[in-house]
């Protein structure tokens, strides 16, 4: 899953980006509202973490501009403003959730997981495909009861495919949601990661779950029809 952090306080922005990357998210980060708006308008993020007090374009203005143009990316507002009217103003401007600083990082992760479940219309944090289980809370996968050792990138790809179970996911879509701005789009890194993931998920099992649709992309599911 790919996140955008728009936060002007450098220590917080850097610690959030580092912690979220450690939690297997692809993360872009900026401290400027104008740049944050550009990122949000030009990249398909799963969630935007947005401070309200920003240089350039303010957080509320970013929200209003995104919603006015039909951008439905989920937004979690992070702010030091804890008055009821401030929370109401943010929610009315189009925010999906609100977290007041200072906050516990574990709570932030829990709220992100809840938002992403809503985005992909899921209730259970564990996604099940045949005998494969993808636990989005523990960020761990099992097949036939055995834990699968995955790298952070492999897990990110698997979680995105799991959220889109049964749907063809193009290479571009996978890239956009599992890699951040710093990744090199011209490389074959996606092919390598998918190859490793396929071996770990399917090798030794009669029923294959990761399928390639030539010229279209990949499907995670029970049926290869």
Against the condition assigned to a loop (DSSP other than H, G, I, E, B), touching a strand residue (DSSP E or B) at 6+ places or on another chain (Cβ under 8 Å) and either over 30 Å from residue 135 (Cβ atoms) or at pLDDT 95 or above (or both), how does residue 82 come out, does it pass? yes
Residue among 12, 50 that is out of contact with any helix residue (DSSP H, G or I) (no Cβ under 9 Å at 6 or more places or on another chain) and outside the structural domain of residue 138 (by TED's automatic domain parsing): 12
I'm trying to understand the selection: among the residues of region 129-152, which are surrounded by 14 or more Cβ atoms within 10 Å (Cβ to Cβ) and part of a strand (DSSP E or B)? 129, 132, 133, 134, 135, 140, 141, 142, 143, 148
Residues located in region 162-172, provided they are closer than 26 Å to residue 131 by Cβ and either in a helix (DSSP H, G or I) or under 12 Å from the mean Cα position of the chain (by Cα) (or both): 162, 163
For residue 169, state whether it is surrounded by 14 or more Cβ atoms within 10 Å (Cβ to Cβ), in contact with a strand residue (DSSP E or B) (Cβ under 6 Å, 6 or more places away or on another chain), under 30 Å from residue 98 (Cβ atoms) and not assigned by TED's automatic domain parsing to the domain that holds residue 22. no
Quick one: which of 126, 134, 147 is touching a strand residue (DSSP E or B) at 6+ places or on another chain (Cβ under 8 Å) and touching a residue at least 24 places away in the same chain (Cβ under 8 Å)? 134
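Residues are listed down the side, and each one gets a yes or a no for (1) surrounded by fewer than 19 Cβ atoms within 10 Å (Cβ to Cβ); (2) not in a helix (DSSP H, G or I):
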{"position": "154", "(1), (2)": "no, no"}
{"position": "160", "(1), (2)": "no, no"}
{"position": "181", "(1), (2)": "yes, yes"}
{"position": "219", "(1), (2)": "no, yes"}
{"position": "222", "(1), (2)": "yes, yes"}
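The values are calculated or read from the model by the stated rules, or taken from the named source; none is laboratory data. It should be emphasised that the depicted structure is a prediction, and the values quoted were computed from it without experimental measurement. As a convention, Cβ positions derive from the backbone with ideal geometry for all residues, glycine included, and neighbour counts pool all protein chains shown.
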